[in-house]
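Peer 1: Got a structure for you, questions after.
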Protein chains: 6
Amino acid sequence: MRHDGRTADQLRPISLTRHFTMHAEGSVLSTFGNTQVICTASVSERVPGFLRGSGRGWVTAEYGMLPRATGSRSYREAARGKQGGRTLEIQRLIGRSLRAVMDLEALGERAIILDCDVLQADGGTRTAAITGAWVALKDAVNTLLENGALKRNPMHGQVAAVSTGIVDGHPVLDLDYPEDSGAETDLNVVMNEAGAFIEVQGTAEGHAFRRGELDAMLDLADKGIRELQEHQRQALEQAS
Amino acid sequence: MRHDGRTADQLRPISLTRHFTMHAEGSVLSTFGNTQVICTASVSERVPGFLRGSGRGWVTAEYGMLPRATGSRSYREAARGKQGGRTLEIQRLIGRSLRAVMDLEALGERAIILDCDVLQADGGTRTAAITGAWVALKDAVNTLLENGALKRNPMHGQVAAVSTGIVDGHPVLDLDYPEDSGAETDLNVVMNEAGAFIEVQGTAEGHAFRRGELDAMLDLADKGIRELQEHQRQALEQAS
Amino acid sequence: MRHDGRTADQLRPISLTRHFTMHAEGSVLSTFGNTQVICTASVSERVPGFLRGSGRGWVTAEYGMLPRATGSRSYREAARGKQGGRTLEIQRLIGRSLRAVMDLEALGERAIILDCDVLQADGGTRTAAITGAWVALKDAVNTLLENGALKRNPMHGQVAAVSTGIVDGHPVLDLDYPEDSGAETDLNVVMNEAGAFIEVQGTAEGHAFRRGELDAMLDLADKGIRELQEHQRQALEQAS
Amino acid sequence: MRHDGRTADQLRPISLTRHFTMHAEGSVLSTFGNTQVICTASVSERVPGFLRGSGRGWVTAEYGMLPRATGSRSYREAARGKQGGRTLEIQRLIGRSLRAVMDLEALGERAIILDCDVLQADGGTRTAAITGAWVALKDAVNTLLENGALKRNPMHGQVAAVSTGIVDGHPVLDLDYPEDSGAETDLNVVMNEAGAFIEVQGTAEGHAFRRGELDAMLDLADKGIRELQEHQRQALEQAS
Amino acid sequence: MRHDGRTADQLRPISLTRHFTMHAEGSVLSTFGNTQVICTASVSERVPGFLRGSGRGWVTAEYGMLPRATGSRSYREAARGKQGGRTLEIQRLIGRSLRAVMDLEALGERAIILDCDVLQADGGTRTAAITGAWVALKDAVNTLLENGALKRNPMHGQVAAVSTGIVDGHPVLDLDYPEDSGAETDLNVVMNEAGAFIEVQGTAEGHAFRRGELDAMLDLADKGIRELQEHQRQALEQAS
Amino acid sequence: MRHDGRTADQLRPISLTRHFTMHAEGSVLSTFGNTQVICTASVSERVPGFLRGSGRGWVTAEYGMLPRATGSRSYREAARGKQGGRTLEIQRLIGRSLRAVMDLEALGERAIILDCDVLQADGGTRTAAITGAWVALKDAVNTLLENGALKRNPMHGQVAAVSTGIVDGHPVLDLDYPEDSGAETDLNVVMNEAGAFIEVQGTAEGHAFRRGELDAMLDLADKGIRELQEHQRQALEQAS
């Protein structure tokens, strides 16, 4: 039994609210318990320099956190004049994860930018971001398909992400902030709909983890991600 | 009759939702029609350098806009490495407006930071920010009063703000984005509960405005701000 | 009677010295009492990106202050690596004010950059900058007309600016630094030659101002700006 | 058989040359084939702000690449004015990996900074950096023990790192640049002397990897890291 | 005979106007022909970190150029967000030159900052800056001596600077911009009142210079600097 | 007799190791005693903006120092977010020195970038950089001649550099760090193969130097540079 009453392999309450804001081609509020992330997908006809004239497209992500998304206020990166290392690491992870299910050739020479902004943080913001961004990306691609800008679907897979960790010696799924800050080990996993890995990132600052512990965490992640992908599909089934 | 059916002196639908996020001492979602701004008030025991050891406090504001709060995506200021001139101008305005009703001596040597982040923009983001930030500040101050950190109330006034402008030759209240981008003149007004001015900022890029037009806009602002202050009071009356 | 012997509605001694430096198409030293600002107008055949190929021109401004223009040395913005919020706010105001009397279509696809650099500060630097910049702009445009680069005059108005405020309970015109730092309210006004408003910016950090006080300040501004526009015309009448 | 004649589970020629430069408390040239990284450990009596007065120490890392360490010249981060996301990600990884075997309490209130600078890049720079940095850190700690600044050894483990990947459908160990740029999957592993994981970072941009592939890569990493740790021990046995 | 009628060893008209602006402890307008530089000396009771608590003082310089000091407008360094290499090089030179005649022990733990800002450029801005800054520094030090903050004079020498060069095969003194931009070689010399060198900086981008040419330029510099030092003394003799 | 046993006019042991790293068109490790600098020459088909379409080429340099190249660790410029004044000054000097022997017309519209990175510092890093960079540039140019990209040799001269100074009242050649930090005067000289000057930079922070001292230092530099140019020629004679 965990501090919030969940079992070891239980996700927090999940919701994926589409059309959360009105301007973006895709806009999803992704909540994992108290963690809330707005994920928008914006279509741009302008690609990065290295792709100009190539006929190929790009999918990239930017991540941010409102200063008071956290228990104590963190500084505003725009005011500080640079994005921190953690921010860059997370937005690179989100971008790679979604490019993994995208045929950039089929997308044509255009970019889709995924903005993931954390309104409220309680652990697992990067996994909520990836899971929500996939739905926002789907909506944006559908818009392009519907208005004829795209002839065929460039998305060839489904992506979701979840965190796992070792807390008090036990492997658990989808850590909230109190669990995360006390965890001995932290493993973020990104998987596709076939249960194959897109990213695996495990870290032990204090206590190194054994192969058996890794296996247990991977099993939990597999179960959690299947459930998250079900949430994604249900969200998409709702009338837009 | 305006493009959205409002009369010239009519505000858009207003809401001020307290406790919108869970961590901040004050957290308000301020919406003026489709414009949505999260305003949080964070208490810090650390004041800026020029006040250290003075026994006096500080109230300041930071403003930001999610990249896809707007019709076409704007760049992320944190990624660009600096805040734009418009952003700095707005956050300085918010800070001055709220300091105008605050006794910084009575606040004691602590700072309250107001973060105003635009989730969705449709004109009037700065006025929605000021109007919401006042409620968030009130909640934060009440927290300090309740937990005994403050002996007496340092807030000596109420502040709200609204925009007015000349659209198609007619003075109108609380412009939305289509009106704002077509306006000949734009006037933002910040007032206290006694109907006195804290800020008046009028701009004409193309068509200069006459004294009579200014007077008409000030009358509209006066009416609008009284209504906004009523919304503020009603929001505070709701059980926290 | 004011601390320097002026009456409430009296400007400080004004001078607008053209051809102050030798390289710029327009170069004016604008002095309001001890406040001294060099205003240069530079013609560039290169416009900002959003205007390239449009056939339309641009007028913009940059503002700076020598580090020891002030009573105690302020840091050099170039060394600090960014322009402060106050600087950006002022240069945006100068740019808007002068664009208000400029037909950018008629200017053709070229830019005029107004650099306003404060050599000595004693209150009212932004109003001295706008008043001097208009004369520098006029000289630069005349150069373009004389050398045939322009067929018709793109300037359709005259612009000057002045500050007013409430000092010790009384409305006064053209505040110097001691008055400004003790003022309860500060109002900067930019007007054209027809007495219509281009910008009105009033601020009360401590004491909010009433409609009657605003009216009194606007009356003072109107009188002061008429006199400043007379100074501008006299400066232009002198042989170049 | 791989393009350079190695078997799937074979490391490139490894060398760890201590005392490579003369000033640092620890200085190691770490080479994995053609990849060459200088790793220096510098002792500082100054800790980051959040540790001042705590009695606890800190271990951190910075990573850089000479502009022409690579096949085509990359820009100099110092000239560009910021470190890229990849750089920050790698230096955070190096820092975490070495803190994992350090008792920061026992280190006392001092910092050890690990600078890892790539002279020549041919794949695996981060793993060569971690493997070399551990030896440099060991030398720096030994200096502190020998001169009496430390009473007891704060290092409680040994750390090395290696990359593995799936190339042409086969799992291989210690990828060089041609293999790395063609790999379907890339897995970096950091382990301690007990064979437990400190970091696991696996990425698939195109082809997602199955659990069986992950297991095969982890087996290769385990073998490679044991060999690297033997290289580390041999390097330390040589007379300083 | 030179293009402006001067002989090879003739300075341009020189003036050193003290008390040019009103706030600084020393304020000198230094003009060498059409080159005009404002040099202010500001006394600060705050020294750089490496001197705090040492009882020793510091003299440093900052250099800037108004954007339209030059024939075509150069960008504003504050807007670009950094000082260029040429600026940093010049301000380091000014600082070193003036520290060379200052007893920093005798100055006590305070700093004097020399701001040299070019209003109009026509060659030789760095030499006009050094020559003017020495007079401004002298005035600032005299203020400290007069108000009792200093017991004894920390200035033990006099400093002036001049440029020389090879133009059309002939060594000439004090080059203006047309000469400078066509010069084969450019030599800046800083000397004290005893005719000894504080700085010698000679550069040949195209045509390397022989020892005999160097000697001829040094002779010219010696003559020019003696005259400049006479100008400095005369300026100081005028009633303040 | 000097502290390391050298005579006043004796260089430290010099070596210029070509092909030090594998990727660059020219790559030289330049060592002057314990000072070690990697100098690489990279050919780029992209020239700076002001040369595009001109048919002319460019040679430029960038300089850096590994953080622990020095006795105590200096900060990493990339992490600090800007290059220091000393760095910019040195890289500008290296660039000018090598452009002095280059026919940029004959180079064609391409750039050669010289990266000089200090691995270990013990005085004279800029002179070791220039001396090594010339050899790297030669190798890069030879590559272009051999592969037919260049028809004729754009290099028309040989460049080397050395430092001299006054230490304990005596002029000495090629100062190491202990001598440099105690020197009263420091003179860096860059010469071509005809013994003519490309750069002369002499600095006295405390003790000004007389003409006779300057002459003695120039004589030493002349002797030292002839020897360094012999080292350069020998390095180039070795089979690549």
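Peer 1: With contacts defined as alpha carbon pairs under 8 Å and 6 or more residues apart, what's the relative contact order of region F:1-116 in percent?
Peer 2: 31
Peer 1: Keeping all protein chains in position, work out how much accessible area C:Asp103 exposes to a 1.4 Å probe, and write it in Å² to the nearest 10.
Peer 2: 50
Peer 1: Please report, for A:Ser15, the nm distances (one decimal) from its label point, 7 Å out from Cα along the beta-carbon direction, to the equivalent points in the remaining copies, shortest first.
Peer 2: 1.2, 6.3, 7.0, 7.0, 7.6
Peer 1: Also, quick follow-up: Between E:Thr7 and D:Ala106, what is the FRET efficiency for a Förster distance of 60 Å, r being their Cβ-Cβ separation, to the nearest 0.05?
Peer 2: Plugging the Cβ-Cβ distance into 1/(1 + (r/R0)^6) gives 0.20.
Peer 1: Using alpha carbons only, what's the Rg to Rh ratio of region F:130-220 with Rh from Kirkwood?
Peer 2: 1.15
Peer 1: Which cross-chain or sequence-distant (5 or more) residues have an amide H under 5 Å from the amide H of C:Gln120, H modelled 1.01 Å from N in plane?
Peer 2: Answer set, sorted by chain and number: C:Gln36.
Peer 1: Let me ask you something else. One quarter of the convex hull surface, Cα atoms only: what value does that give for region F:1-87 in nm²?
Peer 2: For the Cα atoms of region F:1-87, the hull's average projected area reads 9.1 nm².
Peer 1: Still on this model: Considering only protein heavy atoms, what is the solvent-accessible area of E:Ile113 at a probe of 1.4 Å, reported in Å² to the nearest 10?
Peer 2: About 20 Å², ignoring ligands and nucleic acids.
Peer 1: Between copies, how far apart are the C:Pro48 label points? List them in nm, one decimal, shortest first, with each point 7 Å from Cα toward Cβ, please?
Peer 2: Result, one decimal in nm: 2.7, 2.7, 2.7, 3.7, 3.8.
Peer 1: Go through region A:163-176 residue by residue and turn each phi into a ³J(HN,Hα) via Karplus (6.51, -1.76, 1.60, θ = phi - 60°); whole Hz please, and just put x for glycine and proline.
Peer 2: 9, 9, x, 9, 10, 6, x, 10, x, 9, 9, 6, 5, 8
Peer 1: Using the Cβ atoms and a cut-off under 11 Å, what net charge is assigned to the surroundings of B:Lys223, where Lys and Arg are +1 and Asp and Glu are -1?
Peer 2: Here the charged neighbours net out to -4.
Peer 1: Here's a follow-up. Which whole-number percent gives the relative contact order of region D:39-98, counting Cα pairs below 8 Å spaced six or more residues apart?
Peer 2: Relative contact order for region D:39-98 comes out at 36 percent.
Peer 1: From the protein chains alone at 1.4 Å, what is the descending order of accessible area for A:Met191, C:Met1, largest first?
Peer 2: Sorted by accessible area, descending: C:Met1, A:Met191.
Peer 1: Continuing with this model, one more query. Based solely on its DSSP helices, what 222 nm [θ] is calculated for chain A when runs of n ≥ 4 H residues each add -39,500 (n - 2.57) and the sum is averaged over all residues, nearest 500 deg cm²/dmol?
Peer 2: My calculation for chain A gives -10500 deg cm²/dmol from helical runs alone.
Peer 1: A follow-up question, please. Can you list, shortest first in nanometers, how far E:Asp4 lies from the same residue in the other copies, with each label 7 Å from Cα toward Cβ?
Peer 2: In nanometres, ordered from closest: 3.6, 4.7, 6.4, 6.4, 7.6.
Peer 1: Still on this structure, please answer the following. With a point put 7 Å past each Cα toward its Cβ, work out how far C:His170 is from B:Asn153 in nm, to one decimal.
Peer 2: Output for this residue pair reads 3.7 nm.
Peer 1: Here is a follow-up. What's the longest uninterrupted piece of chain B once you rule out the trypsin sites (Lys or Arg not before Pro) that are loop residues per DSSP with at most 15 other Cβ within 10 Å?
Peer 2: Value returned for the longest uninterrupted segment is B:53-150.
Peer 1: Shifting gears a bit: Treat every Asp and Glu Cβ in region E:101-240 as -1 and every Lys and Arg Cβ as +1, leave all other atoms uncharged, and give the resulting dipole magnitude about the Cα centre to the nearest 20 debye.
Peer 2: So the dipole magnitude of region E:101-240 works out to roughly 580 debye.
Peer 1: Could you compute the net charge surrounding B:Asp139? Neighbours are other residues with a C-beta less than 10 Å from the C-beta of B:Asp139; K and R count +1, D and E count -1.
Peer 2: Summing Lys/Arg as +1 and Asp/Glu as -1 gives +1.
Peer 1: Express the relative contact order of region C:34-190 as a whole percentage, based on alpha carbon pairs under 8 Å and six or more residues apart in sequence.
Peer 2: 30
Peer 1: Follow-up question, since we're still on this one. Where the only charges are on Cβ atoms (+1 Lys, Arg; -1 Asp, Glu), what is the dipole of region B:39-82 about its Cα centre, to the nearest 20 debye?
Peer 2: Here region B:39-82 has a charge dipole of around 180 debye.
Peer 1: Name the chain B residue nearest the rotation axis between B and E, going by Cβ position, and give the distance in whole Å.
Peer 2: B:Gly81, 5
Peer 1: Could you tell me the center-to-center distance, by alpha carbons, between region F:162-240 and region A:86-147 in angstrom?
Peer 2: Measuring centre to centre over Cα atoms gives 59 Å.
Peer 1: Would you check the accessible area of F:Thr185, probe 1.4 Å, heavy atoms only, in square angstrom rounded to 10?
Peer 2: The accessible area comes out at roughly 0 Å².
Peer 1: Something else about it: Over the protein assembly as shown, one equal point on each Cα, no solvent: what is log10 I(q)/I(0) by the Debye formula at q = 0.05, 0.07, 0.08 Å⁻¹?
Peer 2: -0.45, -0.92, -1.22
The values are calculated or read from the model by the stated rules, or taken from the named source; none is laboratory data. Predicted model, so just to flag it, every value in this text is computed and none were measured. Reconstructed Cβ throughout: ideal geometry from the backbone, glycine too, with neighbour counts over all protein chains shown. Please note that ligands, DNA and RNA were not included when accessible areas were found on the heavy atoms of the full protein model with its side chains. Shrake-Rupley method; radii C 1.70, N 1.55, O 1.52, S 1.80 Å.
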